[in-house]
Amino acid sequence: MKLVSYKTEDREHLGIFANNHIYNLNSCDKLIPDNMNAFLQGGDELMDRAKKINADIISGKLEAKEELFFELLAPVPHPASCRDGYAFRQHVAAARRNRKVDMIAEFDQYPIFYFTNHNAVQGVGEIECMPDHFQKLDFELEVAIVIGKKGRNVTAAEADNYIAGYMIMNDMSARTLQMEEMLLNLGPAKGKDFSTVIGPWLVTPDELEQYKVPAKAGHTGNNYNLAMNCSVNGIQVSAGNMADMDWTFAEIIERCAYGCDILPGDVIGSGTVGTGCFLELNGTGLLNDPNYQTQWLQAGDLVEMDITGLGVLSNVIVASKSDFSILGLKK
């Protein structure tokens, strides 16, 4: 099942995407809330009701009214929180090799994550950027999950049961701001807090069963053979696979939930897949050829991410009309 959040006449709604159309769940079953947050808080009972509606619409048993005029939002427009992991060893190793520093031994000992701005989550459409964001503006190709029920001290062995669904994530990054602040060993913060893109819909785990593959040796949890690609202005720049995750989402959840509640509506990203950002691609290019022409996102660029089973996430970069710069405020 593919769950969507959308807006009509400035009001947010919850729906399903089936048979290439969007249908409002509340109009099909009044016991289902008309927003994603309340729906997720309803747990397995509401999820099962929605899945029945989805199956009945696909089979033709239920003739529901499709939405014709709407604005598609992030599947979870108001996350309870937003974390981002560091699960792909290929990306971490390549980025460090490009900087001519050793791989971090601790990467293989435990999964890590950071909190980003859950109020800057958005879906398909325009990404508005300030002047400083365009100082090495980057995309990051990732998978994200949404937590579907409250938990605490959840073990990796049981953590997959807490996942309501999967979606594409573009963890937008302003690299000059990011690298500047991390010189002080704090962050990332301002380099990340302006936009995190998720969508186009939330795909429930049952739809991905056909793609399931074993976790890597020594790891616990579900993993999936999902091809991950990103193109900019129609030119493919990135290609990877979710199956390359070293740390599973189950293991990341285990760490997130240690001594802390995870809540319905929490969003957790995988971290960048190998080749999944210009920072890595530019570094590899310059390592092999000093004359390599680096690339960063520019105003007007179309960024399209597609992941097997999860759809296509499409955004256009736009420049703010403001000329305000915090880089210009440095003492």
Could you tell me which numbered condition Ala87 fails, if it satisfies all but one of (1) crowded, with 20+ Cβ neighbours inside 10 Å; (2) within 30 Å of Asp10 (Cβ to Cβ)? (2)
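Look through Val237, Val197, Val154 and report the one residue that is more than 30 Å from Lys51 (Cα to Cα), at pLDDT 95 or above, among the aliphatic types (A, V, I, L, M) and surrounded by 18 or more Cβ atoms within 10 Å (Cβ to Cβ).
Only one candidate qualifies: Val237.
Results for (1) more than 20 Å from the chain's Cα centre (by Cα); (2) polar (S, T, N, Q); (3) not assigned by TED's automatic domain parsing to the domain that holds Leu263, shown as yes or no for each residue.
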site	(1), (2), (3)
Gly60	yes, no, yes
Glu67	yes, no, yes
Gln90	no, yes, no
Ala93	yes, no, no
Ile104	yes, no, no
Ala144	no, no, no
Examine the range 230-244 for a residue that is acidic (Asp, Glu) and under 28 Å from Leu177 (Cβ atoms), and state whether such a residue exists. no
Considering only residues that are outside any helix (DSSP H, G or I) and among the aliphatic types (A, V, I, L, M), look in the range 51-76 and name the one that is farthest from Leu313 (Cα to Cα). Leu62
Residue pairs, Cβ under 8 Å, 6 or more apart or interchain, first in the range 251-269 and free of Cβ contacts under 8 Å to residues at least 24 places away in the same chain, second in a loop (DSSP other than H, G, I, E, B) and crowded, with 23+ Cβ neighbours inside 10 Å. List them. none
Only one of (1) closer than 24 Å to Thr116 by Cα; (2) assigned to a loop (DSSP other than H, G, I, E, B); (3) touching a residue at least 12 places away in the same chain (Cβ under 8 Å) fails for Lys216. Which number is that? (1)
In the set Ile268, Ile317, Ile252, which member is part of a helix (DSSP H, G or I), β-branched (Val, Ile, Thr) and in contact with a strand residue (DSSP E or B) (Cβ under 7 Å, 6 or more places away or on another chain)? Ile252
Are any residues in the range 190-214 of a type in the set (Val, Ile, Thr) and closer than 15 Å to Ala227 by Cα, and if so, which ones? Val213
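The values are calculated or read from the model by the stated rules, or taken from the named source; none is laboratory data. What you are looking at is a predicted structure, and each value in this text was computed from that prediction instead of being measured. With ideal geometry, Cβ positions are generated from the backbone for all residues, glycine too; neighbour counts draw on all protein chains shown.
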